[in-house]
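Report on the structure given below.
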Amino acid sequence: MDFSTDFYRDEVRCGFHVPTAIKQAWGAELAVLAEVDRICRKHNIKYYAEWGTLLGAIRHGGFIPWDDDMDIVMLREDYTRFKKAAAAELPKEFALHDYESKDNHWLFLSRVVNRNHICFEEEHLNKYHNFPYISAIDIFVLDYLYKDSEKEKERSREIKLILAVADSIVEKGIDNTSMYGLKSIEMKYNVKLSHISSPKKLGIELYRLAEQQMARVPEREADYIGQIFPWILRGEEGMPKEYYDHMVYMPFENTFIPVPADYDSVIKKRYSNYMDIYKGGSGHNYPYFEGQRKNLQAVADFKLPEFTFTMDMLKCDREKNGENKCLKDFVKEYLGVIDELMCDFCQQLIQNKPVENQNILPECQQLAVDLGTLIENVKGENSLNVKEIVSYIEAYCEALYKTYNFLADTADISENGSLDSQEFSDSVSYLKAAFENVKEIINERLLKKKVILFVTTGQKQWNGFKKLYSINSSNKDNEVFVVLVPVAFKDALGRASFDNVQIKDTDFLPQEAEARSWQDIDLGLLKPDIIYIQEPYDRENPCLTIPPKFYAGNLRNYTDCLIYAPPFYVSEFNENDIRDVYNMKHYVTAPGIVYADRILVQSENMKAMYVKKLTEFAGEETYNIWEQKIKAAELYNNEEIKADKVNDKKTVLFCIGENELAGKKAAVLSEIKKRLEIFEENSSGFNLKICMYPPDLDAWESIDADTTKSLMKLLEEYTEKPWCKMYDISSTEWDDIARENNIYYGSPSPLAHMFAIRHKPVMISM
């Protein structure tokens, strides 16, 4: 499965930092899902997103940010067919794990894995986004439940007994107690258990028997459905079977995933107020691959590759690096040489030597032209400061030319010729004044300016620089430049190519920004006083890299102060938020943080978290270093986000979800008509945009084609009114939708959270 480079970039979702390493796990799991989906489509096998995957599909349009696994569910009949098809058709490196095929897998679910072992083969790494760890999809099973609750309780007791005997035999072997249980089971179910001599095989037989009991209720005799192991066995209720009558495909990261058509009812049964954000846990340690990594390290005879700290990393011999001349040094030299020549010129005028004077002026002009070209090359010809400097240099060159012509015209004139004319005298005075103007403008616009360079890697990242850029660029003593550097994907061997890479999308940068080409910028000549960075990884990111000359370890050689500022605002957390703390190992214990002279963070609390993490990483002796380097600062313009609006008249986005059709059925028309009537009564105060989720109407028609047609006819009636429009969300970025509209109302969808993070009102109609 292909993903864009942007998919793997760090980002913050719902205030939670998702690093590249987690994105790799997501990508690998989606690749496994693609194989499962391929087989299911081929054999007309239904499956649905389940648990956190279902919640993520509806609430986030992808993974829950703090989740790292994928769950699906099948009805028993489909599950049985899938296992048979998968055994024959999964790629050769894949495996299907269940209690029969996998040791210590004593669960009534299957797991599709892309490998049975951690794999560092180049082909595997290229296929799974440089992710060597085993990736899997868990498949849960739905069985039909008795209408009679007492019968269901009795079945649960029977299954629990079978499992208790099985677990005892597998763990302890056969003893008198388990033998008694076996005899009871054989008599009750009229079966002969054949593997008495093998506890493992006997356990599998008993699990098969338990599974048969789970599947014994036919669909026609059931109203409800549920996962018998473990939930029904624990006394939980099932769900109406009609919840799974239809499925629709919902957006999920870069693909689509099937969900129950009446997903709203299913998720509410699972999570109640499911649009409320709660950073809950899952059934395994986070992230799931960390255990694999630790196990690998335990048996490996070498240290697994990871960024490690040494005290030498804190050393930077800037005095040695400063021996190389920068633009300011060269400019001073040019001005000094021209100044000497101008003095010689004036001295020779006093001595009335026009021929010698004539030779000096072209030399001055060439030096001036070279000076202007140098400044343009280093700072960019479109820089406003550069344009002003060049205009003064051009005026000086014109004065040189005019004076030169006087000298040329008087070359054969006697000593007391036209050199004494008022016109020539004025020309020389103008020449002197023009050079003084050049020196003055260069001093004011170049030599006295503090050079600030912002290194960014994209629009989302730039948002973290907006406030810092505004502060620095508003200072008249600063000259601020921006360089947008590309991000490339690394192959399995760590190689990346930036050949012929051109960045065209710079529209997000401020109009007045002095943007420099990443290929052409000469850091040694520019020698910024301060460089701001947001990319902390250098070569340590497992998937992505930037051109090496922009690594923090390199940039610090070209500046007196390297400052790291996180590109994203994260929700405040503490030591108890173990997932937030874990992910810090990716973006905090990184080269850019270590090499930076100053680290800016969003709060004193976050400073404390950074200091603690870095001290654990680098050693107790470094505590004071991080305390001094890290500063709390207001980095983000939250008020700007809050004030985001299109016009004075509010725009309401009315989202009608397919769940309305699946859940309310025939009543959906009257319900939506009622809401539209209320909107119309109050339409003088706002504009209404109606969107469908999912936007593909095929999903709606697959549930109820007639009602869908009636609904669209109803919406057409209203969208002809001036205050109401239809909005196709399939052709617009969700973030842009939230930016362009003021209020979210309607069915649950990932769009709701795009509004919420912008501090815009969200009203969910349940």
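By the equivalent-ellipsoid construction on the alpha carbon gyration tensor, the stretch 152-291 comes out with semi-axes of 36, 21, 14 Å, ordered largest to smallest.
The phi torsions of the stretch 741-748, fed into the Karplus equation with coefficients 6.51, -1.76 and 1.60 and a -60° offset, translate into couplings of 10, 9, 9, 9, 9, x, 6, x Hz, rounded to whole numbers, with Gly and Pro shown as x. Remark: the LYS450-ALA87 segment gains 124.0 nm on full extension, using 0.36 nm per residue and subtracting the alpha carbon distance.
In the stretch 446-536, which trypsin sites (Lys or Arg not before Pro) are in a loop and have at most 12 other Cβ atoms within 10 Å, using DSSP for the loop call? Numbers along the way, then the final one.
Details: sites: LYS448, LYS449, LYS450, LYS460, LYS466, LYS467, LYS476, LYS490, ARG495, LYS504, ARG516; in loops: LYS448, LYS449, LYS476, LYS490, ARG495, LYS504.
Here the sparse-neighbourhood loop sites are LYS448, LYS476, ARG495, LYS504.
Matching the structure-derived Rg and Dmax of the Cα atoms in Å against the labelled list (1) 27.0, 103; (2) 35.6, 137; (3) 31.8, 107 gives the label (2). Ignoring aspartates and glutamates fewer than eight residues from LYS631 along the same chain, the ones with Cα atoms less than 13 angstrom from its Cα are ASP597, GLU604. With a Förster radius of 51 Å applied to the beta-carbon distance between GLU634 and GLU394, the computed FRET efficiency rounds to 0.75.
Tally Lys and Arg at +1 and Asp and Glu at -1 over the other residues with C-beta under 10 Å from the C-beta of GLU514: what net charge comes out?
Neighbourhood net charge equals 0.
When the chain is described by a simple charge dipole with +1 on each Lys and Arg Cβ and -1 on each Asp and Glu Cβ, the residue from ILE360, SER470, LEU714 located farthest towards its positive end is LEU714.
May I ask you to list the residues of the stretch 655-684 whose amide nitrogen lies under 15 Å from a point 7 Å from Cα along the Cα→beta-carbon direction of LYS709? Backbone N within reach: none found.
Please report LYS294, LYS709 as a ranked list, fewest other C-beta atoms within 10 angstrom at the top and most at the bottom.
On the way: LYS294 10, LYS709 13.
Ordered from fewest to most neighbouring Cβ atoms within 10 Å, LYS294, LYS709 come out as LYS294, LYS709.
Here LEU341, LEU635 are placed in order of increasing Cβ neighbour count within 10 Å, fewest first, which gives LEU341, LEU635. For LEU676, LEU562, the sequence from fewest to most other C-beta atoms within 10 Å is LEU676, LEU562. Between ASP276 and ALA756, the simple label model (points 7 Å from Cα in the Cβ direction) yields a spacing of 1.1 nm.
Quick note on the stretch 450-634: its Rg to Rh ratio, both from C-alpha atoms and Rh being the Kirkwood radius, is 0.96. Listed by chain and number, the lysines placed with their C-alpha closer than 24 angstrom to that of LYS42 are LYS83, LYS84, LYS92, LYS127; residues fewer than eight positions away on the same chain are left out.
Note on LYS432: aspartates and glutamates with a C-alpha under 13 Å away, same-chain residues under 8 apart excluded, are ASP339, GLU340, ASP344, GLU398, GLU440. Projecting the Cα atoms of ALA49, GLN227, VAL485 onto the dipole axis of the chain, where Lys and Arg carry +1 and Asp and Glu carry -1 at the beta carbon, places GLN227 farthest toward the positive end. Each Lys and Arg contributes +1 and each Asp and Glu -1, all at the Cβ; summed about the Cα centre of the chain, the dipole is approximately 3120 debye. The calculated FRET efficiency for PHE256 paired with GLU616, based on their beta-carbon distance and R0 = 45 Å, is about 0.60. In this rough spin-label picture, where each label sits 7 Å from Cα along the Cβ direction, the LYS192-LYS147 distance is 3.9 nm. Across all directions, the shadow cast by the convex hull of the stretch 327-447 built on its C-alpha atoms averages 6.8 square nanometres. The phi torsions of the stretch 588-601, fed into the Karplus equation with coefficients 6.51, -1.76 and 1.60 and a -60° offset, translate into couplings of 9, 7, 9, x, x, 6, 5, 7, 5, 7, 9, 10, 9, 10 Hz, rounded to whole numbers, with Gly and Pro shown as x. Give me the net charge of LEU90's neighbourhood, meaning all other residues with Cβ under 11 Å from the Cβ of LEU90; Lys, Arg count +1, Asp, Glu -1. Cβ neighbours under 11 Å give a net charge of 0. Normalising the average separation of contacting C-alpha pairs (under 8 angstrom, six or more residues apart) by the number of residues puts the relative contact order of the chain at 12 percent. For the stretch 641-764, the alpha carbon convex hull comes to 96 Å³ per residue, rounded to a whole number. Each Lys and Arg Cβ is given +1 and each Asp and Glu Cβ -1; about its Cα centre, the stretch 450-634 then shows a dipole of about 160 debye. Taking a Cβ cut-off of under 11 Å around ILE185, the surrounding Lys, Arg, Asp and Glu residues balance to a net charge of 0, with basic ones at +1 and acidic ones at -1.
With the contact rule set at Cα under 8 Å and sequence spacing of 6 or more, what percent relative contact order holds for the stretch 450-634?
Details: 297 pairs, mean separation 38.5, N = 185.
Once normalised by length, the contact order is 21 percent.
Taking R0 as 41 Å, what's the FRET efficiency between LYS721 and GLU123 from their Cβ-Cβ distance, rounded to 0.05? Walk me through the numbers on the way to the answer.
On the way: r = 58 Å, r/R0 = 1.42.
My answer for the efficiency is 0.10.
At q = 0.16, 0.20, 0.30, 0.33 Å⁻¹ the log10 of I(q)/I(0) for the stretch 673-718 amounts to -0.52, -0.73, -1.14, -1.23, computed by Debye summation with a single uniform scatterer per C-alpha, solvent ignored. For ARG539 and GLU512, the difference between the fully extended length at 0.36 nm per residue and the C-alpha to C-alpha distance is 6.5 nm. Farthest toward the positive end of the dipole of the stretch 466-544, out of ILE503, LEU525, CYS543, is the Cα of CYS543, where the dipole comes from beta carbon charges about the Cα centre. What you get for the stretch 703-755, charging only the Cβ of Lys and Arg (+1) and of Asp and Glu (-1), is a dipole of about 160 debye around the Cα centre.
On alpha-carbon atoms, Rg over Rh for the stretch 56-210 using Kirkwood Rh? Walk me through the numbers on the way to the answer.
Working: Rg = 19.3 Å, Rh = 18.4 Å.
Using Cα coordinates only, the ratio equals 1.05.
Among 156-168, 613-625, sorting by the average number of other beta carbon atoms lying within 10 angstrom of each residue, highest first, gives 156-168, 613-625. Were the residues from ALA164 through THR732 laid out at 0.36 nm apart, the gain over their Cα-Cα distance would be 199.0 nm.
Take the Cα of ASN437, go 7 Å toward its beta carbon, and the backbone nitrogen atoms of the stretch 378-392 under 14 Å from that spot belong to 388-392.
Quick note: the coordinates plus some simple rules give every number you see, no bench work behind them. Predicted, not measured: the structure shown is a model, and the values here were computed from it. Don't worry about glycine lacking a Cβ; one is built from the backbone with ideal geometry, like all the others, and counts go over all protein chains shown.
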